[in-house]
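Readers should treat all values here as calculations from the given coordinates under stated rules, not as data from a laboratory. Everything numeric in this text was worked out from a predicted model, so none of it was measured. Don't worry about glycine lacking a Cβ; one is built from the backbone with ideal geometry, like all the others, and counts go over all protein chains shown.
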Amino acid sequence: MTSSTKKIGVLGAGQLGRMLALSGAPLKKMFSFYGQSNQEPAAQLGHPFFSSQDANGLADLIDFADVITYESENTDVALIREIAKTTPVYPAEKSLYTAQHRGREKALFDQLDIPCAPYQIVDSLDSLKVAVEEVGLPAVLKTTTEGYDGKGQFVLKEARQIEQAWSEIGGRELVLEGFVNFQRELSIIAVRNANNEHVYYPLVQNVHHDGILRYTIAPARNLTEAIQKEAEAYMQRLLDELDHVGVLTLELFDTLDGLIANEMAPRVHNSGHWTQDGAETDQFENHVRAISGMPLGDTTACQPIAAMINIIGQVGDTEKVLEMPNVFLHLYDKEERPNRKLGHINIVAETEEGLFDVFKKLASFLPKS
Ligand SMILES: Nc1ncnc2c1ncn2[C@@H]1O[C@H](COP(=O)(O)OP(=O)(O)OP(=O)(O)O)[C@@H](O)[C@H]1O
Ligand SMILES: [Mg+2]
């Protein structure tokens, strides 16, 4: 794995893969995707396309690739282990194994002295009752694996909801975590390559609605150097412990008592899409650089403030977006469907007022309340 690493195989063919290919092309990288259908967002940006419908699809992707990466933390760990016998896979097994299970993730946070909410793993109604005693209420009950966009979660406010919560999302392993009274939600994206070079993007502020990320402001407003350094210190511990190669994202709650870790993702992240138009090197290019043994790019924001607004469910009036200066449209070529991420809009501005003027003009893309 050197900078002569040219062919990148991606497990998955969604929008993250699509944007990896768009950012990797100027570095002369060639992409190929392993997905379900050649109608997926990344399929047309990689050649050849390998289908999971085809018995040899995966073997052909491995044959093609100098290095393999993946789009989702739900990728099968056993598969990664198998592929790694013949072809480098980044991020490697340890990062994937840890990040796909909320219990393992929190155990790692504890081990590395990264603050997180109190939690208990539960696997029965009785153990849930005990956990409620230990953790206290309110609390959030979550599936340990496969949650996304707030799915597989139940907010427990009172003890009389315990049975309902278990019947709605139980019957499988869950984690009960204390409800964090946060001021706001933040995330940080870091990148590490195999030469142990680390770079960090500025902390960003994320606003969710109905469990889905709606917009990101970058850098987070009123960001102090102390809080940025605190987040970077947590990331450095995670990167080093995992021997992580590629992008790693950490979601955090900003509270009156400091930062509390929520969860991490061993991949490029929705809260980093602003970097495509707002940072010297975007997160996708830096992931490509990291996994192909290249030096990492500058993560500095190139404007005082930037934002990303997700386009959810319906594409809407994108003509208006195209007419606005310093506003950039990114569409994923997906069919409209309720709650589906179809694209995003990046905005760069000189001032916070300037940014919020643009937000007013783009109100139709923002949540109503
Ligand atoms: N312990 C908690 N206390 C308070 N709010 C929480 C807690 N856990 C989760 N939330 C809220 O629910 C949202 C989704 O939770 P989380 O990030 O754990 O799940 P997810 O399904 O993996 O989400 P995503 O895919 O959007 O990252 C958080 O961004 C936060 O707004
Ligand atoms: Mg999350």
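Remarks
- Sequence-separation-based contact order of the chain, relative, with Cα cut under 8 Å and 6+ spacing, percent: 15 percent
- Take the Cα of residue 197, go 7 Å toward its beta carbon, and none of the backbone nitrogen atoms of region 208-243 fall under 13 Å from that spot.
- Full-extension gain in nm, residue 112 to residue 233, via 0.36 nm per residue minus C-alpha separation: 42.5 nm
- Of 334/360; 7/28; 94/142; 7/94; 129/157, those spanning more than 18 Å from alpha-carbon to alpha-carbon: 334/360; 94/142; 7/94
- Taking the DSSP beta bridges with both ends in region 7-89, the antiparallel portion is around 10 percent.
- Karplus-derived 3J(HN,Hα) values for region 201-213, using 6.51 cos²θ - 1.76 cosθ + 1.60 with θ = phi - 60°, are 8, x, 4, 10, 10, 10, 10, 9, 9, 6, x, 10, 4 Hz; glycine and proline are entered as x.
- Helix-derived mean residue ellipticity, 222 nm - over the chain, DSSP H n ≥ 4, -39500 (n - 2.57), to 500: -8500 deg cm²/dmol
- Neighbour counts of C-beta atoms inside 10 Å place 315, 245, 140 in the sequence 315, 140, 245, starting with the fewest.
- Among 22, 186, a tally of other beta-carbon atoms within 10 Å of each Cβ gives an order, fewest to most, of 22, 186.
- Partner lysines for residue 361 [C-alpha distance under 18 Å; skip if fewer than 8 residues away on the same chain]: 320
- Extreme residue, positive dipole direction of region 59-169, given options 137, 124, 164 (C-beta unit charges): 137
- In this simple spin-label approximation, residue 104 and residue 47 carry label points 7 Å from Cα along the Cα→Cβ vector, and these lie 3.8 nm apart.
- Simple Cβ-charge dipole of the chain, Lys/Arg +1 and Asp/Glu -1, about Cα centre, in debye nearest 20: 500 debye
- Taking the Cα centre of region 118-178 as origin and assigning +1 to Lys and Arg Cβ atoms and -1 to Asp and Glu Cβ atoms, the resulting dipole is close to 140 debye.
- The label-point distance for residue 356 and residue 315, in a model that sets each label 7 Å from Cα toward Cβ, rounds to 3.2 nm.
- Fewest-first ranking of 7, 229, 142, using other Cβ atoms within 10 Å as the exposure measure: 229, 7, 142
- Unit Cα scatterers, Debye sum, the chain: log10 I(q)/I(0) for q = 0.06 Å⁻¹: -0.22
- Using a Förster distance of 25 Å, the FRET efficiency for residue 56-residue 93 (Cβ separation, nearest 0.05): 0.55
- Qualifying trypsin sites (Lys or Arg not before Pro) for region 192-221 [loop in DSSP, other Cβ within 10 Å: at most 13]: 221
- Remark: region 136-275 carries a charge dipole of roughly 300 debye about the Cα centre, counting +1 on each Lys and Arg Cβ and -1 on each Asp and Glu Cβ.
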